[in-house]
Each structure stands twice: as C-alpha cells, then as structure tokens.
Amino acid sequence: MEYPKMVTVDRVEDEAAGIKNIFFKHDLQAKPGQFVMAWLPDMDEKPFAVGFQTAEEFGLTVSAVGPFSNTFSQVKPGDRVGIRGPYGTGYKLEGKKLVMVGGGYGTASLALLADHALQQGCEITFIVGARSKDLLVYTERIKQMGCTLITTTNDGSEGMQGFTTDALEKLLSEQTVDKVFSCGPEKMLLKVAEVCNGKVSCEVSLERYMKCGFGICGHCCVDPIGIRLCVEGPVVPGETALKITELGNYHRVQSSRKETL
C-alpha cells in the first residue's frame, strides 16, 4: 500500500467560472497524461490530471462539481493535501504537426503535453471548447505558448459556435496532421476517436471512478475489454477506445452501479 505524501498548497489561481488551479511546491516528475490521487483528510480521495509541472512545483485544475472538488477548490496557501502518484499511462509524442482537442477542465493534461511538444519543435493547433465563454480554460496560456488556438462554445459566446469535434472535422478536411490528442467529456472523446479512425493516429484520455490508482481494486475496468484505466490508461489509442462499448454510454459510480451518460 502506498500512503499519501502530504504536500503544502503554495498558491491558488482562478482559471474560469468555478475552476481553479492549485499549485504545490513538489518535484512530482509526472509524464503528460498521468494523474495523481489527491486526498483530503476525513473526506475522500479522487484522481486529478497533472496540468502544470516544473522541477519545483506542479499544479492541478479543479472544477467545483461535487462535494470533494468543491471542498478541494476552497483550499488556501499553507493548507496540506495528500498526494499519491503519479499513476497511469502518458501520451506518446509522435510526429511534428499535432492537434490537441480539449473539452472544459479536461484540457489540463493536454496543456502539459503541449509544453513538452513545443520543446521538441512541434507545431500545435489547440482546439478548446466549453459550454460558454466563461468556462473556457487555458486560452491565455495556450496563446502565450505560441500554439494556434481555436475556441468553440455551445452557445456561440466565444469563437466558433458548436463543438470541438466540429472544428476538428473541419481542420482535418483542410490540413494533414501527424497525430491528434484529446481529453474532456466522454461523448466528445468518442466522437474524436470516430473522426480520426482510419484517417490519423489519435490518443484519448479517459476518466473513470478510481479507488486505488494502481490496478488492485478493478473499479476502473471498462466493458467489454476489461482494461484498468488507472494502469493501461487513462491515455489509450483511439482504436482501443472504440472497442470500449460503454464509452459515451455509461460509467460506474462509487457503488459500481451503472449510470447512463
């Protein structure tokens, strides 16, 4: 059993409506796409993708969508949080002309991937989507990186009205790219895998309720192929994602009961 390492909150920054970036002074050494289990004493433990990382610190992006994340998003500098990991698979950088498709706070791991890709001389088009302008994340960070930024919103309040996958289909019809990476809502990931299938290599980062983080409990196994997303994932090739029949249809809550998406 691996016990949490207690780390101290260094600073907290607002990212978007109800979304914050929480930074810790700690050399995590995570690969882009990996996650940590964050533990709040006397409450619970949940997985979070690593969105920021240097040799001195790392950062997690937290959206207040439930009891745990709401409490986590209220931590202050000096507070202590338990961290286990990093766990899981990372993205595999291949090629030079890359497209990254991020939905909501799922964009976190892609932003860290972009940091690494740019250091290797890659050209990146970053598609970021959200329901509305106030929920878009990392747009200034992505611009400052030097990526080509395309934004989409469901309500048309910023950028292209529609979905990230609409923008992806348009881009792939106009350009040749080497690889597509995506993280965000599950129905979006399914569509990305379908759009890329047979046309361009892609990887998607999937999310499931995780209890242990290192492959013992089996709670994050997916139907029907049975891979553990905490070990064989969360990043999987698009063709593997398309073999997961539950993808975009249902997931399992803490009790293991199926919940329709």
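Any read-out appearing in this document is the output of simple, stated calculations on the displayed coordinates, not a laboratory observation. Quick caveat, the model's predicted, so the values are computed rather than measured. All Cβ positions, glycine included, derive from the backbone under ideal geometry; neighbour counts span all protein chains shown.
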Problem - Whichever aspartates and glutamates have a C-alpha closer than 14 Å to that of Lys133, once near sequence neighbours (fewer than 8 apart) are set aside - result: Glu15, Asp155, Glu158
Fill in the blank from the handout: Taking only the alpha carbons of region 189-261, the radius of gyration and the largest Cα-Cα distance, Dmax, both in angstrom, are 12.2, 39
Handout entry: Ranked packing of 85-92, 49-56, most packed first, by mean Cβ within 10 Å
Key = 85-92, 49-56
Problem - All Cα pairs of the chain, percent lying beyond 22 Å - result: 53 percent
Exercise for the section: Give the value in nm², to one decimal: projected area of the alpha carbon convex hull of region 91-205, averaged over all directions. Expected result: 6.1 nm²
Exercise for the section: Nearest 5 is fine: what % of DSSP beta bridges in the chain come out antiparallel, could you say? Expected result: 60 percent
Problem - Most to least packed among 236-244, 102-110 [average Cβ atoms within 10 Å] - result: 102-110, 236-244
Problem - Mean Cβ count within 10 Å, highest first, over the residues of peptides 180-191, 248-259, 64-75, 111-122 - result: 180-191, 111-122, 64-75, 248-259
Completion exercise
Expressed to one decimal in nm², the mean projection of the alpha carbon convex hull of region 53-158 is 8.3 nm²
Problem - Value of [θ]222 nm, deg cm²/dmol, for the chain, DSSP H segments ≥ 4, -39500 (n - 2.57) each, nearest 500 - result: -5500 deg cm²/dmol
Exercise for the section: State log₁₀ I(q)/I(0) for region 137-240 at q = 0.11, 0.19 Å⁻¹ as given by the Debye formula over alpha-carbon point scatterers of equal weight, solvent excluded. Expected result: -0.43, -1.03
Problem - Over 27 Å (Cα to Cα) - which of Lys76/Lys191; Lys92/Lys211; Lys170/Lys258 fall in this group - result: Lys76/Lys191; Lys170/Lys258
Exercise for the section: Based on other C-beta atoms within 10 Å, arrange Ile227, Ile22 from fewest to most. Expected result: Ile227, Ile22
Practice task
With the cut-off at 13 Å, report for region 1-50 the share of all Cα pairs above it, as a whole percent.
Solution key: 68 percent
Completion exercise
Cys in the chain lacking any partner Cβ under 4.7 Å -> Cys122, Cys147, Cys183, Cys220, Cys221, Cys230
Problem - Globularity index of region 5-87, i.e. its alpha-carbon radius of gyration over 2.2 N^0.38 Å - result: 0.97
